[in-house]
Amino acid sequence: MRPSFLERFAAKVDRTPSPSGCWLWTASKDADGYGYIGGSPFGRRIEKAHRAAWMIEHGGPIPSGGVIMHSCDTPECVNPEHLSLGTARENTVDMWRKGRGVRTRPNAKITWDTVRAI
């Protein structure tokens, strides 16, 4: 018999105590470090792990237009205490407020000094 979604999800989470309190996803991750799991019972074939953690904790799907935000800023964290429902705008404001709005590119043709000069 195949394990349930909840059993498969729980088997992929490392709940070892850490200073941050994060529970880390140990299975597949995307290029940005967010975990994902297949076979979601919430209407999607593949679900990001932090979204699945929020839905498991709250017993249902994420409301339309909602995003799941991390208070810890750790993409692989699935600790429900670190996750909250917000809007895309709130998530963007949170990202900028925490200084994560600018991504550097090692192959960039211009430097930040050049940008400031322009």
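The values are calculated or read from the model by the stated rules, or taken from the named source; none is laboratory data. Keep in mind that what you see is a predicted model, and the values were worked out from it rather than measured. Backbone-built Cβ (ideal geometry, glycine too); neighbour counts: all protein chains shown. Surface accessibility is based on the protein's heavy atoms, side chains included, excluding ligands, DNA and RNA. Shrake-Rupley method; radii C 1.70, N 1.55, O 1.52, S 1.80 Å.
Within the range 33-42, can one find any residue that is touching a Gly at 6+ places or on another chain (Cβ under 9 Å) and closer than 20 Å to Cys72 by Cα?
Our first condition is that a residue be touching a Gly at 6+ places or on another chain (Cβ under 9 Å); within the range 33-42, this holds for 42.
When the remaining residues are screened for being closer than 20 Å to Cys72 by Cα, the result is none.
No: zero hits.
Considered as a group, the residues in the range 85-107 that are open to solvent by less than 100 Å² (accessible area, probe 1.4 Å) and among the basic types (Lys, Arg) include one that is modelled with the lowest pLDDT, and that residue is Arg100.
For the range 39-70, a residue qualifies if it is among the small types (Gly, Ala, Ser) and surrounded by 13 or more Cβ atoms within 10 Å (Cβ to Cβ), and the qualifying residues are Gly39, Ser40, Ala49, Ala52, Ala53, Gly66. Name the pairs: first residue in the range 27-48 and within 21 Å of Ser64 (Cα to Cα) and free of Cβ contacts under 8 Å to residues at least 60 places away in the same chain, second residue part of a loop (DSSP other than H, G, I, E, B) and open to solvent by 80 Å² or more (accessible area, probe 1.4 Å), Cβ to Cβ under 6 Å, at least 6 apart or on different chains? Short answer, once both residue conditions are applied: Phe42/Pro61. Here Trp96 passes the criteria (1) in contact with a strand residue (DSSP E or B) (Cβ under 9 Å, 6 or more places away or on another chain); (2) more than 20 Å from Thr16 (Cα to Cα) except the one numbered (1).
Scanning the range 30-45 for residues that are touching a Lys or Arg at 6+ places or on another chain (Cβ under 7 Å) and of a type in the set (Ser, Thr, Tyr) yields Tyr34, Tyr36. Being exposed (fewer than 15 other Cβ atoms within 10 Å of the Cβ) and at positive phi is a property that Gly21 has.
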